Amino acid sequence: MILPIRLYGDPVLRCGAEDVVGDSASVQQLIDNMIETMRGASGIGLAAPQVGRTERIFVADLAAEIQHEHVSEGALGPMTFINPEIVRESEEESEFEEGCLSIPDICETVKRSERIRVTYLDRHFRPQELDVGGLPARVIQHEVDHLEGIFFVDRISEFRRRLLRRKLREIAHGKVEADYALYR
Ligand code: NI
């Protein structure tokens with residue numbers, strides 16, 4: 001089922017997610033819905049708070065980007081990250097233009113670590129560890145931020161954020177259009 005996506009300004013996106021304690025039908029249903037919602041919106045990542053939930057889960061379509069022996073899920077399928085923790089970040093950083101399904105129409109250059117190591121449970125609740133760089137590292141950092149209540153626009157300069165203030169306020173008031181379902 002496609003779920004409406006929460007917009008910047010929605011309190012659930014600021015409150016931080018909580019660890020999932022065990023598998024359940026409702027967790028599996030949530031994962032299915034998140035994958036369907038991400039794909040329906042042509043996104044490459046989606047975190048639970050973006051659909052109004054507080055489980056520490058995100059999904060990401062990194063298949064084409066990651067070829068890693070430790071990824072047990074199908075190489076072409078979307079990946080599920082339950083209780084992810086970034087346990088190592090490279091000092092080397094890179095800049096890349098990011099967007100977010102919860103902040104339609106805004107793209108900004110964000111500086112992040114070039115490589116990371118992340119630990120998580122896959123959707124079968126098997127522990128996994130992944131060392132990645134480039135786009136997958138960026139997507140994972142962006143999604144883990146969502147689980148901590150952080151947006152990519154929190155990571156740009158004060159100057160850039162000031163330029164966006166009016167537009168962000170409009171988004172927070174729902175004055176924005178997207179070609180996917182928004183929660184209003
Ligand atoms: Ni996002």
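So how do 159, 151 line up by other beta-carbon neighbours within 10 Å, fewest first?
The fewest-first ordering by Cβ neighbours comes to 159, 151.
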**OP:** Give me the distance in nm between label points sitting 7 Å out from Cα along the Cα-to-Cβ direction at residue 119 and residue 154, one decimal.
**Re:** 2.3
**OP:** Find the eigenvalues of the gyration tensor of the Cα atoms of the stretch 91-184, then list the square roots of 5 times those eigenvalues as equivalent ellipsoid semi-axes, largest first, in whole angstrom.
**Re:** 27, 18, 10
Original post:
Tell me, in nm to one decimal, what length is gained between residue 169 and residue 2 on full extension, where the rule is 0.36 nm per residue of separation less the Cα-Cα distance?
Top reply: 57.5 nm
Original post:
Based on the Cα coordinates of the chain, what is the per residue volume of their convex hull in Å³?
Top reply: 109
Subject >> Size of charge dipole - the chain - debye, nearest 20, with Cβ of Lys, Arg +1 and Asp, Glu -1, no other charges >> reply: 860
Original post:
Using θ = phi - 60° and the Karplus curve 6.51 cos²θ - 1.76 cosθ + 1.60, what whole-Hz ³J(HN,Hα) does each residue of the stretch 45-54 get, with Gly and Pro shown as x?
Top reply: x, 8, 9, 3, x, 5, 10, x, 10, 10
Subject >> Dipole-positive endmost among 118, 33, 171 within the chain (Cβ charges, Cα centre) >> reply: 171
Subject >> Burial order of peptide ranges 16-29, 109-122 (average beta-carbon count within 10 Å, highest first) >> reply: 109-122, 16-29
Subject >> Inter-centroid distance (Cα atoms) of the stretch 84-105 relative to the stretch 118-184, Å >> reply: 8
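Rule-based calculations on the coordinates, nothing more; no lab input. Keep in mind it's a predicted model, so treat the numbers as computed, not measured. So basically every Cβ, Gly included, is an ideal-geometry build from the backbone, and we count neighbours across all protein chains shown.
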